[in-house]
Amino acid sequence: MLDAKIPAGKLEEKWNNYKGHCKLVNPANKRKLEIIVVGTGLAGASAAAALGELGYKVKAFCFQDSARRAHSIAAQGGINAAKNYQNDGDSVFRLFYDTIKGGDYRAREANVHRLAEVSVNIIDQCVAQGVPFAREYGGLLNNRSFGGTQVKRTFYAAGQTGQQLLIGAYQAMERQVALGNVEMFSRHEMLDVVMIDGKARGIIARDLVSGKLERYFGHAVVLCSGGYGNVFYLSTNAMGSNATAVWKAHKKGAFFGNPCMTQIHPTCIPVSGDHQSKLTLMSESLRNDGRIWVPKQKEETRRANDIPEEERDYYLERRYPAFGNLVPRDVASRAAKERCDAGYGVGTTKQAVYLDFKYNLINKYGRTEASKQGIHNPDQETLIRLGKEVVKEEYGNLFDMYEKITGENPYEVPMRIYPAVHYTMGGLWVDYELMTSVKGLYCLGEANFSDHGANRLGASALMQGLADGYFVIPYTIGNYLADEIAVKPIPTTHEAFEAAEAHVSERINTLLNIQGTESVESFHKRLGKIMWEKCGMARNEKGLKEAIVEIKALREEFWKNVRVPGEINEMNPELDKANRVADFLELGELMCMDALDRRESCGGHFREESQTEEGEALRHDDEFMYVSVWNYKGDERMEMLKEPLNYEVIQPTQRNYK
Amino acid sequence: MEHYNMNLTLKVWKQKNSQSAGSFETYQIKEVSSEMSFLEMFDVLNEQLIHEGKEPIAFDHDCREGICGTCSMYINGRPHGPWHGTTTCQLHMRAFKDGDTIVVEPWRAKAFPVIKDLMVDRSAFDRIIQAGGYISVNTGVTIDGNAIPINRENADKSFAAAACIGCGACVAACKNSSAMLFLSAKVSHLALLPQGEIERKRRALDMVAQVDKEGFGSCTNTGACEAVCPKEIEITNIARLNREYLAAGLAADK
Ligand SMILES: Cc1cc2nc3c(=O)[nH]c(=O)nc-3n(C[C@H](O)[C@H](O)[C@H](O)COP(=O)(O)OP(=O)(O)OC[C@H]3O[C@@H](n4cnc5c(N)ncnc54)[C@H](O)[C@@H]3O)c2cc1C
Ligand code: SF4
Ligand code: FES
């Protein structure tokens, strides 16, 4: 039943073999085939552009007012690629290996190897589109380093890499819009998948301006709807990021892979109060240049700059000398939590640690700049001034953002940071072709589960989104559509469209008619609190069991007592939110069930029952070397299947960053 | 940073949809923390309104990190409010003090019709990009990234222009509702790179033609756009656009 369709042959030959043998659709037939792409982030915009260029008729959807505003726009630090431009020993194999290891051996070898292979094409593509990556004075591309690796392979555009990559993909897609190959529907939200004879054949979407439900046919449907970190209410995701598209697909038969795998990012601006609506990331690239520390003394009251060097605990450098501040995210997050829980936290809430740039401002950047400018024996002040200029160039917008939010100047005082929900490795289960368990329904980007196992390495989500959209789906979808060329567009008066629309309409009506007393927001906050406390950075059996009961009760209360103001046939942001939160209330429970099943620690999933003496995550490969694949059986019943992970090339070991 | 709480009066534009006429509504909001963002203050107000059984205020927002360009409030007569180089979502309440009255309106421009309350339709910007805001390369048929060295100064300038978030504050600030700063940022981003060279002329002509078609006004160099742009896009880009346009026009005449 679960066939990942991994091509036979040697790992490094699989993708080439696949491309050499998959079925093709000729240009005349492509024009007759319609593809729906839900989402215009890096995955969706790149897929829509590439498929449009091939000649398919594409309809693309996003809920924002413009495709360019998808959440990918907010990605900061960079994108990985195995170019080895730094001549520091990088290769396709090394990127593959780092990703598998970083993912704590819970990702598929074949998918990850393909990702590493196409990573090099992505950079070429983006440069050709005019993405203004950072460059050296010699005119060539520059790199920085990210966590979980020992090479410099991350391409970037200051702290706005996602923005620049997305604008590249957006422009490529708008070019196809102008050419008539892509039709764009912004301010539209997909609310169901339409199935005909066991295949995905369209969607029901709501025009968010008029409130009307609309039907769209496609020979295939490609979901690129992003991650579901907002289950936790507070996360680094954009406010609108949601799980509705994948959740609806799940309920129509698409399996859900590893739902509990969530990434908690170590460096975010801490919560300041109850009003908090989201958390802001401070890019991982800052860990390159910043050192993380807490005071050695508990309940420290001195200001950061008044604490002398020898009274600071650079705990990452102490615990992990080989990787230091650049350990993977899950390790860094847990270490921060450990220090704060032990009473060494800083700031008013004591739920924060310092990220300090002074050392590198002076030593790394200040000194290089001084020597470049021929200043001998520069004093401390000169070093700081010169260092600041370089840091401004590298990270300017991030430092400004920190100052706007906190009112503190991070050039002068260390940043205060704390872990926050950031990314979901879990997502719809897909096979090697990125097809879900529903025929003709694909899933790309953060929305699928495929490449990051139990923990994603920094700068690899952008890589995956663009790999999926530009370089994988154009081949794999052809392999399916080649057999669909005889299928005429199905009129949306078909009974399956009728039924799907009626179902959506009924639910919206129910939501509006409850007219209870609690706002959608308050339910979302309560769900987030349960998830963060019981399915967050540390999980245990008791907590997870409680969470499942609590979420069920909360969901019941929601359907009895939520208050959604406004009307159906109008712009109604509260209704949009209600639809999304209703789905989060179901997905949250599944995440807890999955976390409960996995009685091992791996990557971002830390089960307190399974740790080493030093408090490191302890995997159990004998029992849990599988992807958990959840099948929705109707009426809130779930069944779990297992996709075994067979490693042919890499020998899993306990990760060691010491 | 010292934190404080404040009580505020808000005068907010309410408009049911694009067809109806709108008007200001006045709201009182208490105990606003100086640590809140401006949009978090709106969240709190909306929660209050829902509890009172009233209609919440519709406004556009998404990333809340100053990068997606969705948020778009005209605050006390200035797009994105009082802080320089800052989007509405990054504006924080410590910019205000106890007892203040804050007036909030949507962008106002013929080419940006109001959809509801503070939300406007900015799809004209997408159509301007469709007219030529790209480099025509198909996926997969490219050369090695490092085969095109680019002088760092131009790369940096191009990046600075590409930082535009398409928010439309420049249009909202301009008495003529001109879109020149937005347009010039895109033309500069691409014209400063060797990859963009080939389509340079056609791009300038086609994009300018689309801007005119969308009903944006003409540029009279008042500089109001640059003053409010949250990404500090420089007005020198408009001069570059004019040069590009002129050169393209001359070439086309031949
Ligand atoms: C602050 C931040 C910084 C990051 N920095 C980095 C980084 O430096 N490097 C890195 O590799 N990764 C980074 N990431 C992760 C990365 O940005 C995301 O994983 C990635 O951009 C996701 O892209 P996507 O295309 O899958 O989805 P998204 O960009 O989230 O796009 C989702 C799209 O789906 C649409 N959509 C969703 N649901 C529906 C629906 N029901 N109907 C219609 N449309 C819908 C949305 O409108 C949107 O267009 C960062 C993430 C965050 C939060
Ligand atoms: S130029 Fe500035 S104000 Fe105008 S759309 Fe771009 S970012 Fe906004
Ligand atoms: S909400 Fe994204 S820029 Fe303000």
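The values are calculated or read from the model by the stated rules, or taken from the named source; none is laboratory data. This is a predicted model, so every value here is computed, not measured. In this analysis, Cβ positions are derived from the backbone assuming ideal geometry, glycine residues included, and neighbour counts consider all displayed protein chains. Please note that ligands, DNA and RNA were not included when accessible areas were found on the heavy atoms of the full protein model with its side chains. Shrake-Rupley method; radii C 1.70, N 1.55, O 1.52, S 1.80 Å.
Net length available on complete extension from A:GLU393 to A:LYS642 is 84.9 nm, with 0.36 nm assigned per residue and the Cα-Cα distance removed. Dipole size of chain A about its Cα centre, with +1 on Lys/Arg Cβ and -1 on Asp/Glu Cβ: approximately 740 debye, rounded to the nearest 20.
Database remark: amide H of A:ARG106 closer than 5 angstrom to the amide H of A:ALA454 (H placed geometrically; neighbours at sequence offset of 5 or more, or on other chains; Pro and chain starts carry no H). Among B:ALA147, B:ALA109, B:ALA131, the largest mean-square fluctuation in a Gaussian network model of chain B (Cα springs under 10 Å) belongs to B:ALA147. Across region A:78-92, coupling constants 3J(HN,Hα) worked out from phi with the 6.51/-1.76/1.60 Karplus curve, θ = phi - 60°, read x, 9, 7, 7, 7, 7, 6, 5, 8, 6, 10, x, 7, 6, 4 Hz, and Gly and Pro carry x. For B:ILE102, list long-range residues whose amide hydrogen, built 1.01 Å from N in the peptide plane, is under 5 Å from its own amide hydrogen. Residues meeting the criterion, in which the H sits 1.01 Å from N, are B:THR9, B:LEU10, B:LYS11. Report, to the nearest whole %, how much of the accessible area of region B:5-105 belongs to carbon and sulfur atoms, 1.4 Å probe, protein only. About 47 percent, which is the carbon plus sulfur part of the accessible surface.
A straight Cα-to-Cα reach below 16 Å connects B:LYS175 with the lysines B:LYS110, residues fewer than 8 places away in its own chain not being considered. Within region B:1-80, which GluC sites (Glu not before Pro) sit in a loop by DSSP and count at most 16 neighbouring Cβ atoms inside 10 Å? For GluC sites (Glu not before Pro) across region B:1-80 that sit outside H, G, I, E and B with at most 16 neighbouring Cβ atoms in 10 Å, the list reads B:GLU2, B:GLU52. Summarising the strand pairing of the protein assembly as shown, around 70 percent of its internal DSSP beta bridges are antiparallel. In percent, rounded to a whole number, the relative contact order of chain B is 19, using alpha-carbon pairs under 8 Å and six or more apart. Would you mind getting me the FRET efficiency between B:LYS175 and A:GLU136? Use the beta-carbon distance for r and R0 = 35 Å, nearest 0.05. The computed FRET efficiency comes out at 0.20.
Per residue of peptide B:49-62, the mean number of Cβ atoms on other chains within 10 Å of the residue Cβ is 5. Solvent-accessible surface of chain A, taken per residue with a 1.4 Å probe and all protein chains present: 33 Å². Put the Cα centre of region A:559-592 next to the Cα centre of region B:85-105 and the gap is 29 Å. In this simple spin-label approximation, A:THR510 and A:LYS542 carry label points 7 Å from Cα along the Cα→Cβ vector, and these lie 3.6 nm apart. Here the Karplus curve 6.51 cos²θ - 1.76 cosθ + 1.60, taken at θ = phi - 60°, turns the phi angles of region A:625-633 into couplings of 7, 8, 8, 8, 10, 9, 10, 7, 9 Hz, with x standing for Gly and Pro.
What is region B:2-118 by shape, rounded, prolate or oblate, if you read a ≥ b ≥ c off the alpha carbon gyration tensor as root eigenvalues and call it rounded for a/c under 1.5, prolate for a/b larger than b/c, and oblate otherwise? If you can, show how the numbers build up before the last one.
On the way: a/c = 1.72, a/b = 1.22, b/c = 1.41.
Because a/c hits 1.5 or more and a/b fails to exceed b/c, region B:2-118 counts as oblate.
Placing R0 at 41 angstrom, the Cβ-Cβ distance between A:GLU309 and B:ALA239 gives a FRET efficiency of 0.20 after rounding to 0.05. Extending 7 Å from the Cα toward the beta-carbon at both A:ASP341 and A:ALA553 defines two label points whose distance is 2.4 nm.
Compute the acute angle (0 to 90°) between the alpha-carbon long axis of helix A:380-406 and the principal axis of greatest extent of the alpha-carbon atoms of chain A; round to the nearest 10°. Roughly 30 degrees, rounded to the nearest 10.
Database remark: amide H of A:GLN263 closer than 5 angstrom to the amide H of A:HIS422, A:TYR423, A:THR424, A:MET425 (H placed geometrically; neighbours at sequence offset of 5 or more, or on other chains; Pro and chain starts carry no H). Per-residue shielding of A:222-232, expressed as the average number of other chain Cβ atoms within 10 Å of the residue Cβ, stands at 0.
Solvent-accessible area assigned to carbon and sulfur over region A:493-616 amounts to 49 percent, based on a 1.4 Å probe.
The A-B contact accounts for approximately 6200 Å² of buried accessible area, totalled over both chains at a 1.4 Å probe radius.
Axis of helix A:541-561 versus longest Cα principal axis of chain A: the two differ by about 50°, to the nearest ten degrees. Computed from backbone phi with θ = phi - 60° and the Karplus coefficients 6.51, -1.76 and 1.60, the 3J(HN,Hα) list for region A:44-57 is x, 5, 5, 5, 4, 5, 5, 5, x, 4, 6, x, 5, 8 Hz; x is used for glycine and proline.
The alpha-carbon of A:LYS278 sits under 16 angstrom from the alpha-carbons of these lysines, leaving out residues fewer than 8 places away in its chain: A:LYS404, A:LYS525, A:LYS529, A:LYS577. Overall, the accessible surface of region A:149-276 at a probe of 1.4 angstrom is composed of carbon and sulfur to the extent of 47 percent. The Rg/Rh ratio for the protein assembly as shown is 0.94, where Rg is the radius of gyration of the alpha carbons and Rh is the Kirkwood radius. Per-residue ellipticity at 222 nm from helix content only, as computed over the protein assembly as shown with -39500 (n - 2.57) for each DSSP H run of at least four residues, stands at -11000 deg cm²/dmol.
Give, ordered by residue number, each residue of region A:247-289 whose 1.4 Å probe accessible area is reduced by a minimum of 20 Å² on adding the remaining protein chains to the chain alone. Going by heavy-atom accessible area, the residues of region A:247-289 that drop by at least 20 Å² are A:SER272, A:HIS275, A:SER277, A:LYS278.
Computed from the C-beta positions of A:LYS658 and B:GLU197 and an R0 of 41 Å, the FRET efficiency is 0.20 to the nearest 0.05. Other protein chain C-beta atoms within 10 Å of residue C-beta, averaged over A:356-364: 0. In this rough spin-label picture, where each label sits 7 Å from Cα along the Cβ direction, the A:LYS372-B:ALA227 distance is 3.5 nm. Rounded to the nearest 10 degrees, the inclination of helix A:573-597 to the longest alpha-carbon principal axis of chain A is 70 degrees.
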